[in-house]
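Written out below as structure tokens is the structure these notes cover.
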Amino acid sequence: MIGVLIFPDFQLLDAAGPISAFEIAARCIGKAPLIRVLAAKPGIVRSSSGVEMMARDFKSANAITTLVVAGGTGVAAAARCEVTRAFVQRLAKRGMRVASVCSGAYVLAEAGLLDGRRATTHWGRTREFVARYPRVKFEPDRIFTRDDNVWTSAGISAGIDLALAMITEDHGEEIAQQTARQLVLYHRRSGGQSQFSSLLELKTPNGRFGPLLSWARENLDAPLSVEDLADRAGMSARHFARAFAAETGTTPSKAIERLRLEVARERVQSSREAIERVAETTGFRDPERMRRAFIRAFGQPPQALRRAARAG
């Protein structure tokens, strides 16, 4: 049985995303979903969006094997709640699988579950989280982490990735893939995948060059030289290079390499596609060229990232 812990002003998708994944997985194996929404104060609990959920008290959690703690704007009060902390600690001591979505990691940290463990949370809370919990082995650029029976995930939609990883552990890869397809997900993201988008890291990702970069991301197997990009933008190469750097904060060639790295890393970690094929279709052409780019960007070659993603 799955337990999902919520509190006033919780983030709705932090709870609803994993709930939907676990529900679909149960139906894929021909069983009725066994999910309980829990709160320190049972009854109607209002999310930060105003949408409400009905929650049971913690006494209803005796049969659960996994607890997922939602995040949200009300997490600070939830993390200070002694009843909530004691409940989470009790389940962890019993060997139950305990997880957090987004800022739900604060509840686990306040309960002492993350001390000495690897953990993550939403990238926007990194600085505050690291300062407040120095004993946590914080990993800011991960979709989710697992350290023994304690799991944590990044912001909001990453809770679905975490749930799919748990489904894989419980029911196997085939059921997890069926669940992902029912959720209309392109693929499951591995825990080691970056939280960040190369397009979003640009100074003005939605500026006048946004459509050009989105097109480039879909055509990475093309040469994508400065001249090619300038021609598509309807500008001279020199004027394009100056304007692009001024608006985005980087050069066209560096922006394209970041896009290639992002897509290549995603495919290396989440598929069984040959490294040579990934290099070819993402525009690196030569696997050695891609390997050097990976080491510069991530400190590891593609094969090492693939092994870590599979192990995680």
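The values are calculated or read from the model by the stated rules, or taken from the named source; none is laboratory data. This is a predicted model, so every value here is computed, not measured. For neighbour counting, all protein chains shown are included, and Cβ atoms are generated from backbone atoms with ideal geometry for every residue, glycine included. SASA here: full protein model, heavy atoms, side chains in, ligands and nucleic acids out. Shrake-Rupley method; radii C 1.70, N 1.55, O 1.52, S 1.80 Å.
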* **region 48-123, dipole about Cα centre (Lys/Arg Cβ +1, Asp/Glu Cβ -1), debye to the nearest 20** => 340
* Using modelled backbone amide H atoms (1.01 Å from N, in-plane), which distant-in-sequence or interchain residues come within less than 5 Å of Val4's amide H? -> Arg36, Val37, Leu38, Val68
* To do: Give the accessible area for Lys31 in Å² (nearest 10); use a 1.4 Å probe, count only protein heavy atoms, and leave out ligands, DNA and RNA.
  => 130
* To do: With a 1.4 Å probe and every protein chain kept in, tell me what percent of the accessible surface of region 1-99 is carbon plus sulfur.
  => 55
* Tell me, what is the FRET efficiency for Asn149 and Ala86 to the nearest 0.05, using R0 = 25 angstrom and their Cβ-Cβ distance as r? -> 0.90
* Asked: 222 nm [θ] for the chain, helices only, -39500 (n - 2.57) per DSSP H run of 4+, per residue, to 500?
  -> -14500 deg cm²/dmol
* **region 212-277, dipole about Cα centre (Lys/Arg Cβ +1, Asp/Glu Cβ -1), debye to the nearest 20** => 180
* Asked: Of all accessible surface on region 247-289 at a 1.4 Å probe, what whole percent is carbon and sulfur?
  -> 45
* To do: With unit charges on the beta carbon (Lys/Arg positive, Asp/Glu negative), name the residue among Leu13, Leu224, Ala119 whose Cα is farthest towards the positive pole of the charge dipole of the chain.
  => Ala119
* Asked: Once the other residues with Cβ under 12 Å from the Cβ of Asp148 are scored (Lys, Arg +1; Asp, Glu -1), what is the net sum?
  -> +3
* Computed over the Cα atoms of region 47-123, what is the convex hull's projected area averaged over all directions, in nm²? -> 5.5
* **Surface accessible to a 1.4 Å probe, per residue, for the residues of the chain, Å²** => 48
* Asked: Hey, what's the Kirkwood Rh for the chain if you take every pair of different alpha carbons, in angstrom?
  -> 21.0
* Structure fact -> Heavy-atom accessible area of region 126-170 with neighbours in place, 1.4 angstrom probe: carbon+sulfur share in percent works out to 48
